[in-house]
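**Student:** My questions will all concern the structure given below.
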Amino acid sequence: TLIFMRGVLVNTRDLAGQLMRIEYVWIHQDLAPFLRDVYDHVARNLDLVEIMRDLLTGTLDVYLSSVANRTNQVVKVLTVLSTVALPALVVSGLYGMNVKGLPGADSPYGFEISIAAMATTTGLLLWILRRFGWLLKYKRRERYVPIRCATVQDRMVLAVKTSVQRCRLPDQNAGRPY
């Protein structure tokens, strides 16, 4: 693993640096360039391990962010569904109690009135949610339409987004932005 490799490389770099600086009886001066090479290679490999660790950390952050985004989407859908079901649950909860004096409870059409109240409140809530753009938000398809430019150089048909680029006639709309 990178953690184990980093630990080994840090200790090896420190050892190679110490062997380069201090003169020992067993290590002659003619080995100094080789020890410097060992130190440089270990330092380079340690830098690579640090870069790999940073890349793995970034990848983990991206993964956790995507998981959090998916969780947020699921929670958003569940919230909208529970909000839509709430008016019907409130009306059925009120008329489900054994309490005298509820409006329409003694009526022969009490069941139909309560169903109509549930449907009306749920429909009103759906209309409000759609009006605010929180429900049934459809993405519009990008429409590509051919536009014929009127200049001599641009006599070809271009397929461009209508909202991004518009060609104008040279003598019309002079001074207006595209």
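The values are calculated or read from the model by the stated rules, or taken from the named source; none is laboratory data. Owing to the predicted nature of the structure, the values given are computational and were not obtained by experimental measurement. Here Cβ is always computed from backbone atoms with ideal geometry, including for glycine, and neighbour counts include all displayed protein chains. These area figures cover heavy atoms from the full protein model, side chains too; ligands, DNA and RNA do not enter into them. Shrake-Rupley method; radii C 1.70, N 1.55, O 1.52, S 1.80 Å.
**Student:** I'd like the Kirkwood hydrodynamic radius of the stretch 1-145, using the inverse of the mean 1/r over distinct C-alpha pairs, in Å.
**Tutor:** 22.9
**Student:** Then there is this: Pop out the ³J(HN,Hα) list for the stretch 97-103 in order, Karplus 6.51 cos²θ - 1.76 cosθ + 1.60 with θ = phi - 60°, rounded to Hz; leave Gly and Pro as x.
**Tutor:** In residue order, the calculated couplings are 7, 8, 10, 7, x, 6, x Hz.
**Student:** Now for a separate question. Going by average Cβ density within 10 Å per residue, which order do the peptides 100-106, 17-23 take, highest to lowest?
**Tutor:** Details: 100-106: 10.9, 17-23: 12.6.
By packing density, highest mean first, the sequence is 17-23, 100-106.
**Student:** Along Cα→Cβ, 7 Å out, is where each label goes; now give me the distance between the ones at T83 and I27 in nm to one decimal.
**Tutor:** About 6.9 nm, to one decimal.
**Student:** Still on this model: Enter the accessible area of V99 (Å², nearest 10), with the probe set to 1.4 Å and all protein chains included.
**Tutor:** 80
**Student:** Which residues among the stretch 41-57 fall inside the zone where the amide N is under 19 Å from a point 7 Å beyond the Cα of N69, along Cα→Cβ?
**Tutor:** In the stretch 41-57, the label zone of N69 (backbone N under 19 Å from the point 7 Å along Cα→Cβ) covers 56-57.
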